[in-house]
Each structure stands twice: as C-alpha cells, then as structure tokens.
Amino acid sequence: MNTPDFSSQFDEAIDAGLSWLSDHGEVLFDAANAVLSGVYKGVLWCLALPPYYVLALIIALIGWRAIGARFAVIAGLALVFCALIGLWPETVSTLALVLTATLLALVVAIPLGVVAGLAPAFDRVVDPCLDLVQTMPPYIYLLPAIALLGYGPATALLATFIVALPPALRLTSLGIRMTPRHFIELGEASGVTGLQMFFKIRLPFAMPSIMAGVNQSLMMAFGMVVIAGIVGSGGLGESIYGAVRTLDIAKSINAAIAIVILTMILDRLAQSAARSRMGESQ
Amino acid sequence: MTTAKIDTNEVLVDCQNVWKIFGKSAPAAMNAVVQQGLTKSQILQDYSCVVGVSDVSLQVRRGEIFCIMGLSGSGKSTLIRLLNKLITPSSGKVLVKGKDLSSLNPAQLREVRARHIGMVFQSVALLPNRTVLENTAFGLEVQGVGKAERYQVAERALAKVGLSEWTQRYPSELSGGMQQRVGLARAITADPEVILMDEPFSALDPLIRRQLQDEFRQLTKELGKSAVFITHDLDEAIRIGDRIAIMKDGAIIQVGTAEDIVLNPADDYVAEFVAGISRLHLVKAHSVMTPVEPFKAANPTCDISRLIKTTPGADINELIGLTMKSERDALAVIDNGNVVGIITPRDLLRGVQGIPNEFAAAGAATVLEPSA
C-alpha cells in the first residue's frame with residue numbers, strides 16, 4: 001500500500017465528511033452560532049457598559065459581602081491594575097466568555113446531572129461519554145468547532161462549553177445519588193410525594209456537591225477560554241497568542257498577569273458561594 | 001390520663017403471616033417455602049436468598065406499647081419497615097386500621113404514612129439545613145399545612161419533649177439525646193395513632209437513655225398513642241413495653257408481658273436472655289401467691305383476716321418491704337375485697353428466682369393483656 005496515497009485519501013475523506021456536515025447541518029450550526037454569539041454579546045455588552053472603575057467596584061462589593069474587606073480591597077485594586085496596563089477590554093471580554101460558557105454549560109449539565117442521579121440507566125450511558133470528553137486534550141475540541149462554526153468567539157464558546165460540561169454534570173449526579181439512606185426513609189415514612197422528596201430531601205443534600213461542580217466547571221472554562229485564543233476568541237487568550245507569535249514578551253506577561261488576577265477572583269468568589277451553601281447544611 | 005377512655009381492644013396494626021425474603025430469586029424462594037417448607041439455611045443454599053422475616057403475625061392494639069426485642073440480624077428492623085411498607089412483604093398481609101397496605105395506591109399509602117403511622121429512627125435523621133422547629137414541622141409541611149399552623153403544632157410538640165428553648169437552633173447544635181427528642185417531637189406533630197420506633201435510644205449513653213425511656217413511655221401513654229418499639233436490649237423492652245415479642249432468625253418466638261416472659265420463657269434461648277434480669281420489680285403477687293385453701297390446710301391456726309393486706313399487682317420488692325414490717329410471716333392478697341391468695345416468705349424467694357407458684361403457673365400464662 002502506498003502510504004502517501006492513503007494519507008491523502010484519508011484527508012480527502014475527512015474533508016468531504018466535514019463539508020457534508022457543514023452543508024447539511026448548516027441551519028443547525030448557524031443556529032448554534034447565533035445562540036452562542038448572541039448570549040456572549042449580551043453578556044459582554046452588560047459588562048462593558050460601566051467604566052472599568054465601576055465594574056471593579058461592583059466586583060469588590062460582591063467580594064466584600066461574600067468573603068471580606070481584605071479580599072474586596074485586593075480584588076478591586078487588582079482589577080484597576082488590569083485597566084492601567086491597557087488590557088481592560090480584553091479582561092472584560094475574557095470574563096464574558098467564561099461566564100457565558102459556564103452559564104450555558106450549567107444550564108445543560110445540572111438538569112442532566114439530576115436525571116443521571118435519579119436514573120442509574122441514564123447514568124450508565126452518560127458516564128462513558130463524559131469519560132471520553134474528559135480524557136481527550138481540550139485542544140482537540142477546537143478543531144471540529146472551527147470547521148463547523150468558523151473563526152471567532154462562537155467556536156471558542158462551543159469548545160469551552162464542552163470542556164465545562166462534565167464536572168458540573170458529574171458532581172450534580174453524584175450529589176443527587178448520595179442522599180443518605182435514612183433520609184430517604186424519613187421522606188417515605190413521612191408520606192412525601194416524588195417532587196417533595198427531590199426538593200426537600202435530595203436537593204439540599206446535593207447542594208454542596210453541585211456547588212463544587214459549578215466551581216470546577218468555571219475553572220475548566222477559564223483554562224479553555226485562554227487556549228481558545230488561537231481560534232480568535234478575543235480577550236486575553238488572543239492577546240497572549242498574538243504576543244507569543246511576535247515574541248512580545250512584555251505584553252504576553254501583562255496578559256498573563258491579568259488572567260491570573262481574573263482567575264483568582266472568580267475562583268475565590270465561586271468557592272465562597274459553595275462554602276456558604278455547605279455551611280448551611282452542616 | 002386519657003388512657004381510660006380509649007378502646008384498648010381495637011387492633012391498629014395487624015400483621016398476618018408476613019414473610020420477607022431478600023435476593024434476586026426471592027419469589028421462587030417464597031414459593032419453595034410455601035410448597036416445600038424449606039428452612040432458612042436451605043433457602044440460602046438453594047436460592048442464595050436471605051430470609052429476613054419469617055411467618056410473623058402480631059397485633060398492636062390502641063394505646064399499647066409493643067416491644068420487639070432481638071439481637072442484630074434477627075430481622076426486627078426489617079419487620080418494623082414492613083409495618084409502613086418501607087419494605088414490601090414477600091408474602092402475607094399488613095393491615096393498618098383494617099386497611100391492607102398492599103391494596104393502597106401510592107397516594108393512599110402516603111396518606112396512611114402521613115396521618116396514621118409515624119416513625120422515629122435510630123439515626124434520628126434530622127435534616128441538617130433546617131432548624132429544630134422546621135424539622136419538627138416536616139410531616140405537616142409535606143401534608144401541605146400552612147406555615148403558622150404547622151409551627152404552632154410543632155412548638156407544642158417540642159414543649160412536650162422539653163425543647164421549647166431550642167426551636168431556632170440547628171440539629172448540629174444539639175446533643176444526641178436532644179436530637180432524639182426532636183425525632184420524637186417530629187413523630188407526634190403529625191399526630192399519628194401508631195409510632196414506629198426503630199431502636200431510637202440505642203446510640204445514647206445509659207443515663208440519658210433511661211431518662212428518655214421513661215419520658216417516652218409517659219408521653220405515649222399521656223397521648224394515648226400506640227407504639228412499636230424495636231430494641232436489642234431486654235432491659236429496655238421491659239422498662240417500656242406493655243407486651244414484648246422476642247425475635248430470633250426472623251421469627252417471633254414468644255409474645256407476652258415482661259412478667260410472663262421472665263416467668264415462663266418459651267424456650268432455652270429466651271430463658272438464657274431473661275436469666276440476668278432482676279425479678280424484684282417484674283414479678284407480681286398474683287404470679288407467686290399461694291391460693292387460700294392450701295394455705296389454710298397447711299396453717300390451720302393462722303387468722304387470715306389479721307394479715308397485712310396487699311394487691312395482686314404488688315411487685316416482689318414491695319412485698320418484701322411489707323413482710324419485713326409484718327409480725328406474721330404472711331401477706332393477704334386482696335382483689336375486689338376478697339382474699340385471693342397468701343404470700344409466704346417461700347413465695348417471695350420463689351419470685352426472686354423467677355419460678356412461678358405451682359398453683360399460679362396456669363394463671364400467669366393467660367395474663368397477656370396490656371397492663372397499662
């Protein structure tokens with residue numbers, strides 16, 4: 001067998017497959033593109049509306065309520081620093097990307113996680129799929145996404161969405177399944193309906209696990225959004241990618257600092273939300 | 001006390017030849033039991049199924065505290081879960097207030113569980129994200145009772161168990177004994193006729209445990225509730241139960257009052273159990289007294305009318321006290337103004353040993369009524 005011959009035939013076959021998909025699924029992909037970029041633009045518009053010091057102040061206030069004064073001051077100053085180094089638009093669009101992708105992932109993952117937690121049969125189908133998604137390097141998801149959705153934020157969002165989905169789904173399902181046996185008995189012995197069992201007993205016990213899932217999805221999304229800079233996601237990821245290509249080390253380090261600041265603020269906020277839910281149920 | 005008004009003969013829970021077999025081929029194993037009468041170990045060998053409860057029949061009457069005593073693995077926890085159909089029996093019927101649980105649809109079954117049969121768990125199972133008050137009102141909440149009303153009822157129940165000060169606390173702030181009191185308050189808030197108690201006090205330390213046992217018995221009697229009380233501790237069963245059922249290997253081997261079981265154990269297993277139990281407060285005058293005629297024959301000179309008088313329900317401890325005060329060596333047992341028997345020191349010693357009087361043995365065995 002002639003290897004180069006086979007390899008070019010294989011390439012052609014893949015090419016043909018993808019163009020068949022994008023021809024025949026055009027409506028679907030256009031719709032996906034419209035939803036993804038629509039939500040993203042909405043979120044971005046909201047975040048970009050106030051000047052940088054107002055948004056920094058709002059985030060500082062949220063941090064003050066959720067964590068404490070020291071965190072609030074540090075977070076506020078750090079965000080102002082992002083603006084001073086000239087990366088505010090990029091920081092905001094990265095924030096918008098992360099929030100949009102995480103939000104969409106949670107909207108899908110939490111209900112599916114609940115179903116998987118309640119129906120073991122469904123869980124047995126979903127589990128290997130999630131294994132597959134999580135085993136592959138996140139980079140891989142950019143390729144089909146760019147083939148089907150083109151260059152731009154929608155592709156970044158789709159890949160980020162896929163990567164952010166599994167943790168929230170897994171931990172929601174786990175939380176729903178892990179209701180202690182004697183509380184199920186308590187519910188049954190008290191004569192609860194199926195819905196009451198879910199909302200009054202299963203869900204409160206699952207809450208810490210679900211919140212941990214939300215936090216993990218957020219962090220996965222962050223990692224992916226930065227990688228997605230190479231498909232034109234915009235934001236800090238693209239800044240880094242561009243700076244690295246032109247060997248502009250200073251600019252790439254600036255962008256990296258902004259990413260670290262944003263990640264730490266979001267992680268702390270999400271963790272404190274998870275912890276306050278847990279504290280409630282202890 | 002309201003106990004006088006209620007009809008103590010009404011059967012609230014009626015368990016008829018109930019079996020529970022666990023395992024994949026449970027229905028086949030159940031068939032084999034019915035048709036070939038296989039034993040527990042044969043079932044395990046041939047069908048790899050475990051017999052949890054084997055051919056149990058029992059009746060719990062209104063106002064009665066019915067204890068089921070057995071060691072771990074005897075099937076008592078399975079049995080109590082059959083009574084509110086948390087576990088579905090493999091064979092046999094469970095009737096609650098005359099209604100066969102297996103004939104009810106899910107909504108009717110919920111109704112029975114919500115209104116007629118309450119349950120208290122060994123693990124207490126207080127929802128950690130709710131306050132004591134919210135936990136106590138849980139039963140009414142799922143029935144759709146409004147907030148103000150259910151909290152009012154729950155507060156009354158908490159007052160009954162002495163926890164009025166703790167309504168706004170979270171379960172984690174309470175000691176084990178207090179948590180179990182909340183469990184009890186939660187069960188009585190829904191005002192069921194029967195309360196199922198699944199080893200509620202087993203995890204508590206001995207002093208708190210005795211205190212809760214007494215409180216539980218008093219409260220149950222005061223409210224006129226029936227209770228099925230599971231325990232692995234015979235002392236506890238004797239302290240609380242009007243009647244006691246002893247369970248072994250999924251079957252009930254004896255049912256009776258504490259006195260009855262101590263004086264007339266059904267087999268060696270029960271006898272071994274009761275061997276260490278003090279008879280002083282258990283054995284009553286009527287079980288050990290000598291009938292009047294044989295006493296007169298043996299002591300022709302004794303004037304019965306001048307003996308210190310006592311009642312058939314007086315326990316050995318009380319009788320010893322009276323005998324010490326008496327100048328003569330005998331007490332007269334009076335029932336409805338008639339002398340029904342004589343207690344001699346010999347009778348007392350026999351009582352301490354737990355051997356019924358040869359004359360009274362037949363009488364004691366028939367005393368199965370709850371002595372509320």
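None of the figures in this text is laboratory data; all of them are computed from the coordinates on show. From a predicted model like this one, the values you see are computed outputs, not experimental measurements. Methodologically, a virtual Cβ is constructed for each residue, glycine included, from the backbone with ideal geometry; neighbour enumeration extends over all protein chains shown.
Any lysines with Cα under 29 Å of the A:K41 Cα? List them, leaving off those in the same chain fewer than 8 positions away.
Cα-Cα hits under 29 Å: A:K251.
I'd like the Karplus ³J(HN,Hα) series for the range B:195-208: coefficients 6.51, -1.76, 1.60, θ = phi - 60°, whole numbers in Hz, and an x wherever there's a Gly or Pro.
Karplus-based 3J(HN,Hα) across the range B:195-208 equals 10, 8, 10, 9, 6, x, 9, 4, 8, 9, 7, x, 5, 4 Hz.
What ranking of A:R245, B:R243 emerges when the number of other C-beta atoms within 10 Å of each C-beta is taken as an exposure proxy, fewest first?
A:R245, B:R243
For a quick check: with amide H placed at 1.01 Å from N, whose amide H comes under 5 Å from B:L38's, ignoring anything fewer than 5 positions away on the same chain?
Excluding prolines and chain starts, which carry no amide H, the hits are B:V33.
In this model, which of B:K99/B:K284; B:K40/B:K221; A:K200/B:K99; B:K97/B:K160; B:K85/B:K160; B:K85/B:K221 are farther than 31 Å apart at the alpha-carbon?
Distance filter (> 31 Å) returns B:K99/B:K284; B:K40/B:K221.
Once you keep just the Cα pairs under 8 angstrom separated by 6 or more residues, what percentage relative contact order results for the range B:285-366? Walk me through the numbers before you get to the answer.
Numbers: 119 pairs, mean separation 34.8, N = 82.
In percent, rounded to a whole number, it is 42.
Provide the per-residue ³J(HN,Hα) series for the range B:39-45, in order, calculated from phi with Karplus coefficients 6.51, -1.76, 1.60 and θ = phi - 60°, each as a whole number of Hz, with x at glycine and proline positions.
With coefficients 6.51, -1.76 and 1.60, one gets 8, 4, 6, 5, 4, 5, 6 Hz.
Based on the Cα coordinates of chain B, what is the per residue volume of their convex hull in Å³?
Once divided by residue count, the hull of chain B is 166 Å³.
Treat the count of other C-beta atoms within 10 Å as a stand-in for reagent exposure and order B:V132, B:V112, A:V108 from fewest to most.
Ordered by Cβ neighbours within 10 Å, fewest first: A:V108, B:V112, B:V132.
Based on alpha-carbon centroids, what's the gap between the range B:250-284 and the range A:38-97 in Å, whole number please?
Rounded to whole Å, the Cα centres lie 76 Å apart.
For chain B, what does the relative contact order come out to in percent, with C-alpha contacts under 8 Å and a separation of six or more?
Relative contact order comes out at 18 percent.
Can you report the principal axis dimensions of the range A:19-101 using only the alpha carbons, biggest first, rounded to whole angstrom?
56, 28, 19
Would you grab the residues whose amide H sits under 5 Å from the one on B:A251? Only those 5+ places off in sequence or on another chain, please, with H modelled 1.01 Å from N.
Here B:S54 satisfy the definition.
In bins 5 Å wide, starting from 0, what share of all Cα pairs of the range B:285-366 does each bin hold, as a percent?
3, 16, 30, 28, 17, 5, 1
What Kirkwood hydrodynamic radius, in Å, does the range B:71-150 give when the mean of 1/r is taken over all pairs of distinct Cα atoms and then inverted?
14.6
Normalized C-alpha radius of gyration of the protein assembly as shown, against 2.2 N^0.38 Å? Before the final figure, lay out the partial values.
Details: Rg = 36.4 Å, N = 654, 2.2 N^0.38 = 25.8 Å.
Against the compact-globule rule of thumb, the ratio is 1.41.
Work out the length of the dipole vector of the protein assembly as shown about its Cα centre, built from +1 on the beta-carbon of each Lys and Arg and -1 on the beta-carbon of each Asp and Glu, and round it to the nearest 20 debye.
1320
Can you tell me, using C-alpha contacts under 8 Å and at least 6 residues apart, the relative contact order of the range B:15-84 as a whole percent?
38
So who's got an amide H within less than 5 Å of the one on B:C49, skipping anything under 5 residues away but keeping other chains? H placed 1.01 Å off N, in plane.
Residues meeting the amide H criterion: B:L44.
Put +1 on the Cβ of each Lys and Arg and -1 on the Cβ of each Asp and Glu in chain A; which of A:P111, A:S233, A:T155 then has its Cα farthest toward the positive end of the dipole?
A:P111
Work out the mean other chain Cβ neighbour count within 10 Å for the residues of A:200-210 and drop it here as an integer.
2
For the range A:81-89, what does the Karplus curve 6.51 cos²θ - 1.76 cosθ + 1.60, with θ = phi - 60°, yield as ³J(HN,Hα) per residue in whole Hz, taken in order and with x for Gly and Pro?
Running phi through 6.51 cos²θ - 1.76 cosθ + 1.60 with θ = phi - 60° gives 4, 4, 5, 5, 7, x, 10, 4, x Hz.
Sorting check: for A:224-236, A:256-268, which peptide has the highest mean count of neighbouring beta carbons within 10 Å, and how do the rest follow?
Top of the packing list down: A:224-236, A:256-268.
Cα centroid distance between the range B:158-217 and the range A:243-264, in Å?
61
Which lysines have a Cα lying under 19 Å from the Cα of B:K296, excluding residues fewer than 8 positions away in the same chain?
Result set, ordered by chain and number: B:K309.
Which order results if B:K284, B:K40 are arranged by neighbouring Cβ count within 10 Å, fewest first?
In order of increasing Cβ crowding within 10 Å: B:K40, B:K284.
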